[in-house]
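Worksheet: one structure, shown below.
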């Protein structure tokens, strides 16, 4: 079997941990398997490099920023190859440039456009394990680019796709994907499997195990992604195209909802009395997008004639910047008062089966209502329903929904 | 004019110093010149990386060692390009791989076999200053190699050759090349110029300003190398093919000896009563060479019939290792006692003109003799005479020779 494995920054945080990772990889190799191992930079390395360049300027050129940051992963990959060698396994490290991870030209958050599997294949055929510096590639000019947050996950999934690997294992500091955050919901269960789309919605809804981009990549190329712990041997969660196979057997499982996600890192902005005319939303949200502020839930409601209220959520960290931008836009539009609320939270239920079961939304709203939780905003997708509520109520709402949709572990029910 | 400049590890030891280097480069650019700037790793970075990999193994694989070490220079080059940007100069950093520094396959001390000037030319033509990660290249397989000690100097000189630069400036922590080490000889004078061959002999003889390899490279391609201080604006020493032009004018200068070099980092090994037969030297020195121990001065003398004494010097740091190797070899050869002396030093006089003046050696020996300094070994080249003496006598001998050959500064004579 060909494994692509990925170990994050905390898994390779120091030499001891790198040696642990090497032993783990060695176990994979000992069974006669081949391994390509993608690594992030050691622990705080990336932050230290950022601090260094910020001593020169708070706005470093993107190109040089990428060159600088890319070195962290190269260091990890060389050290891991060395540690594997010490365990008696032939291993070679590869930079993003060396294995031909071609990206577009957008520095600091480049997208992979092509991977040449040739060089890695050659090394694997020669009996080498291959350690790969994650998070980086080169653009058409041969300049170094980095892939942005979660970039090493994307490297791993993309390599798994290019190499037609049997599985892509993402080693992390959690056991896998849970039906809810176990810190909030003690009865949460680890999922043996989850569908790409569900995982994407869970990620968007606040489950921070993997970045959306790498899941999208996995979905596009049908890469089975095994999210598991780097600190124990237990099976994690398989992210794949379908979980039907895993649900058969008992015949009893009728999973409507795969999980409940929550997010307490958002804040709400409301603009009152904006003119009810075309281009208003474009003006406000265009201005925010230009400044790279992500907007999540949006609700527009007609209050009086020719006037609308628009409410939306942004990341809490972006709130003050967003307010400035919105104020400028609203001044231009001739809108009314702007209010913000930094005490909101979001709870979401996710499941591919919900599309066929119209009662899901009703169950969700009834559950919240019977727990005395007021819904401020609602947003839905084909396989997700999110509600914005008071942040203090988020844990209670998450637990109640988890129970209501039959997700509680048997021992806890 | 096109300048290639090189700044060593202490010149880029922290962000302040990198910003200083940027200002210095900016001054070069401000006069309408083009600049390619080669940098070493920041201060102790390389040592820290070595420490890291030595936590895994004392004998890391050469390939991974090179990958690891190469990152230090990449960091410096990105930071310097950023600092130049802050000063309003367009600048891009380049790794050894990006500018196509092709080396042979020998890791940790690779030799440059080819440089493609194309990429740098393109960037220069686009109005960019180019910062280059020194000390590194790639071999024919695209694997990262490092150039060994003084590798960044070699990068700079090789780039100057490939780009037909007007001059290659080596910025260092000394003012230039002196007629002797000013710490030992207060009357030493800075040389405005020195011939490649002389510089090579001076380097071999103990002047540690530049590594021999980069000077050889300069000689081979006729690159004028300006060794100067990164801490002041004064002119340094030009290393070039001929200094005739500089000596004309007065008509009075009859420089026989360019400088006096000394080295207190050697130790002597003597093997007594080895058989006087072919292959003996090959056996001993072959064994040392296989273990990468450099042998400097060698003297063989017939003592009794069919038996020889062989004395030679090695680096002090290599003495105990060398003794082990020699013992094994001598056991095989059936030689006699092995003695070592860790209290020796070497003093050398260097000058291209000495070949035409047979009195030089006599003057040297007479000077030492009249100062009561005993000569243990002698070694000569076309343009150098070295003597091994008691280490305690090295400063006195250096000063006496400096004066005897008319090198003392006028104020001191």
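The values are calculated or read from the model by the stated rules, or taken from the named source; none is laboratory data. What you are looking at is a predicted structure, and each value in this text was computed from that prediction instead of being measured. Cβ atoms come from the backbone with ideal geometry, glycine included; neighbour counts cover every protein chain shown.
Output the number of residues of the stretch B:98-111 satisfying the condition of being within 18 Å of residue B:160 (Cβ to Cβ), away from chain A (no Cβ under 12 Å) and crowded, with 22+ Cβ neighbours inside 10 Å.
So the count comes out to 2.
Any chance the stretch B:140-153 includes a residue that's away from chain A (no Cβ under 11 Å), over 21 Å from residue B:45 (Cβ atoms) and modelled with pLDDT of 95 or more? Reasoning before the result, please.
From the stretch B:140-153, those away from chain A (no Cβ under 11 Å) are B:140, B:145-153; that's our starting set.
Those left that are additionally over 21 Å from residue B:45 (Cβ atoms): B:140.
Those left that are additionally modelled with pLDDT of 95 or more: none.
No, every residue in the stretch B:140-153 fails to be away from chain A (no Cβ under 11 Å), over 21 Å from residue B:45 (Cβ atoms) and modelled with pLDDT of 95 or more.
Return yes or no: is residue A:207 in contact with a strand residue (DSSP E or B) (Cβ under 6 Å, 6 or more places away or on another chain), at pLDDT 90 or above, crowded, with 20+ Cβ neighbours inside 10 Å and under 16 Å from residue A:177 (Cα atoms)?
Numbers: in contact with a strand residue (DSSP E or B) (Cβ under 6 Å, 6 or more places away or on another chain): yes; at pLDDT 90 or above: no; crowded, with 20+ Cβ neighbours inside 10 Å: yes; under 16 Å from residue A:177 (Cα atoms): yes.
Answer is no for this residue.
Exactly one condition in (1) out of contact with any helix residue (DSSP H, G or I) (no Cβ under 7 Å at 6 or more places or on another chain); (2) within 10 Å of another protein chain (Cβ to nearest Cβ); (3) modelled with pLDDT of 95 or more is not met by residue B:59; state its number.
It fails just one condition, (3).
Return yes when residue B:108 is at pLDDT 95 or above and either in contact with a helix residue (DSSP H, G or I) (Cβ under 6 Å, 6 or more places away or on another chain) or in a strand (DSSP E or B) (or both) and no when it is not.
Details: at pLDDT 95 or above: no; either in contact with a helix residue (DSSP H, G or I) (Cβ under 6 Å, 6 or more places away or on another chain) or in a strand (DSSP E or B) (or both): yes.
In short, no.
What number goes with the only condition from (1) crowded, with 20+ Cβ neighbours inside 10 Å; (2) within 13 Å of another protein chain (Cβ to nearest Cβ); (3) assigned to a loop (DSSP other than H, G, I, E, B) that residue B:77 does not pass?
Just one mismatch for residue B:77, condition (3).
Give the residues of the stretch A:126-139 that are within 13 Å of chain B (Cβ to nearest Cβ) and over 21 Å from the mean Cα position of the chain (by Cα), sorted by residue number. Walk me through how you get there before you give the answer.
At the first step, the residues of the stretch A:126-139 found to be within 13 Å of chain B (Cβ to nearest Cβ) are A:126, A:128-133, A:136, A:138-139.
Result: A:126, A:128, A:129, A:130, A:131, A:138, A:139.
Which members of the stretch B:6-29 meet the condition of being more than 12 Å from every other protein chain (Cβ to nearest Cβ) and either at positive phi or loosely packed, with under 15 Cβ neighbours inside 10 Å (or both)?
The answer is B:23, B:27.
Please specify each residue of the stretch B:329-355 satisfying the condition of being in a helix (DSSP H, G or I) and under 32 Å from the mean Cα position of the chain (by Cα). If you could, list the steps in order and put the result at the bottom.
So in the stretch B:329-355, the residues in a helix (DSSP H, G or I) come out as B:329-333, B:352-355.
B:329, B:352, B:353, B:354, B:355 - these are the residues of the stretch B:329-355 that are in a helix (DSSP H, G or I) and under 32 Å from the mean Cα position of the chain (by Cα).
Which residue is nearest to residue A:195 (Cα to Cα), if the candidates are limited to the stretch A:356-376 and must be touching a helix residue (DSSP H, G or I) at 6+ places or on another chain (Cβ under 7 Å) and outside any helix (DSSP H, G or I)?
At the first step, the residues of the stretch A:356-376 found to be touching a helix residue (DSSP H, G or I) at 6+ places or on another chain (Cβ under 7 Å) are A:360, A:363-364, A:367-368, A:371, A:373, A:375.
Next, only the ones that are outside any helix (DSSP H, G or I) stay: A:371, A:373, A:375.
Numbers: A:371: 30, A:373: 30, A:375: 28 Å.
Out of the qualifying residues, it is A:375.
Examine the stretch B:3-14 for a residue that is touching a helix residue (DSSP H, G or I) at 6+ places or on another chain (Cβ under 6 Å) and free of Cβ contacts under 8 Å to residues at least 60 places away in the same chain, and state whether such a residue exists.
no
Report, by residue number, each residue of the stretch B:229-258 that is within 14 Å of residue B:179 (Cα to Cα), in contact with a helix residue (DSSP H, G or I) (Cβ under 7 Å, 6 or more places away or on another chain) and modelled with pLDDT of 90 or more.
Across the stretch B:229-258, the qualifying residues are B:239, B:257, B:258.
Report, by residue number, each residue of the stretch A:1-12 that is within 14 Å of residue A:38 (Cα to Cα) and in a loop (DSSP other than H, G, I, E, B). Let's see the steps before the verdict.
From the stretch A:1-12, those within 14 Å of residue A:38 (Cα to Cα) are A:2-12; that's our starting set.
Those that are within 14 Å of residue A:38 (Cα to Cα) and in a loop (DSSP other than H, G, I, E, B): A:8, A:9, A:10, A:11, A:12.
Looking at the stretch A:81-97 only, could you name the residues that are part of a helix (DSSP H, G or I), touching a residue at least 40 places away in the same chain (Cβ under 8 Å) and facing another protein chain (nearest Cβ under 9 Å)? Let's see the steps before the verdict.
Filtering the stretch A:81-97 for residues part of a helix (DSSP H, G or I) gives A:81-86.
Then drop every residue that is not touching a residue at least 40 places away in the same chain (Cβ under 8 Å), which leaves A:81, A:83-84, A:86.
Of everything in the stretch A:81-97, those that are part of a helix (DSSP H, G or I), touching a residue at least 40 places away in the same chain (Cβ under 8 Å) and facing another protein chain (nearest Cβ under 9 Å) turn out to be A:81, A:83, A:86.
How many residues, within the stretch A:391-408, are outside any loop (DSSP other than H, G, I, E, B) and in contact with a strand residue (DSSP E or B) (Cβ under 7 Å, 6 or more places away or on another chain)?
At the first step, the residues of the stretch A:391-408 found to be outside any loop (DSSP other than H, G, I, E, B) are A:391-404.
So of that shortlist, the ones also in contact with a strand residue (DSSP E or B) (Cβ under 7 Å, 6 or more places away or on another chain) come out as A:391, A:394, A:397-398, A:401-402.
Number satisfying all stated conditions: 6.
Which is over 23 Å from residue B:145 (Cβ atoms) and more than 9 Å from every other protein chain (Cβ to nearest Cβ), of A:123, A:64, A:114? Outline the logic, then answer.
Working: A:123 fails: over 23 Å from residue B:145 (Cβ atoms); A:64 fails: more than 9 Å from every other protein chain (Cβ to nearest Cβ).
Matching residue, one of A:123, A:64, A:114: A:114.
Could you please find all residues in the stretch B:21-70 being without any contact (Cβ under 8 Å) to a residue 24 or more places away in the chain and in a helix (DSSP H, G or I)?
Passing the criteria: B:27, B:30, B:47, B:48, B:49, B:50, B:51, B:52, B:53, B:54, B:64, B:68.
Could you tell me which residue of the stretch A:129-164 is surrounded by the most Cβ atoms within 10 Å (Cβ to Cβ), considering only residues that are in contact with a helix residue (DSSP H, G or I) (Cβ under 7 Å, 6 or more places away or on another chain) and part of a loop (DSSP other than H, G, I, E, B)?
Taking the candidates together, the pick is A:134.
Looking at the structure I just gave you, is residue A:179 within 22 Å of residue A:17 (Cβ to Cβ) and either buried (at least 24 other Cβ atoms within 10 Å of the Cβ) or in contact (Cβ under 8 Å) with a residue 40 or more places away in the chain (or both)?
Values: within 22 Å of residue A:17 (Cβ to Cβ): no; either buried (at least 24 other Cβ atoms within 10 Å of the Cβ) or in contact (Cβ under 8 Å) with a residue 40 or more places away in the chain (or both): yes.
No, not satisfied.
Need a quick list: helices (runs of 4 or more DSSP H) entirely within the stretch A:184-249 having at least 1 residues that are under 12 Å from the mean Cα position of the chain (by Cα). Even if it seems obvious, please write down each step before you answer.
Working: elements: A:196-204, A:212-221, A:244-247.
In the stretch A:184-249, the matching helices (runs of 4 or more DSSP H) lie at A:196-204, A:212-221.
Might you let me know whether the stretch A:30-45 holds any residue that is within 12 Å of another protein chain (Cβ to nearest Cβ), in contact with a helix residue (DSSP H, G or I) (Cβ under 8 Å, 6 or more places away or on another chain) and surrounded by fewer than 20 Cβ atoms within 10 Å (Cβ to Cβ)?
Within the stretch A:30-45, one or more residues are within 12 Å of another protein chain (Cβ to nearest Cβ), in contact with a helix residue (DSSP H, G or I) (Cβ under 8 Å, 6 or more places away or on another chain) and surrounded by fewer than 20 Cβ atoms within 10 Å (Cβ to Cβ).
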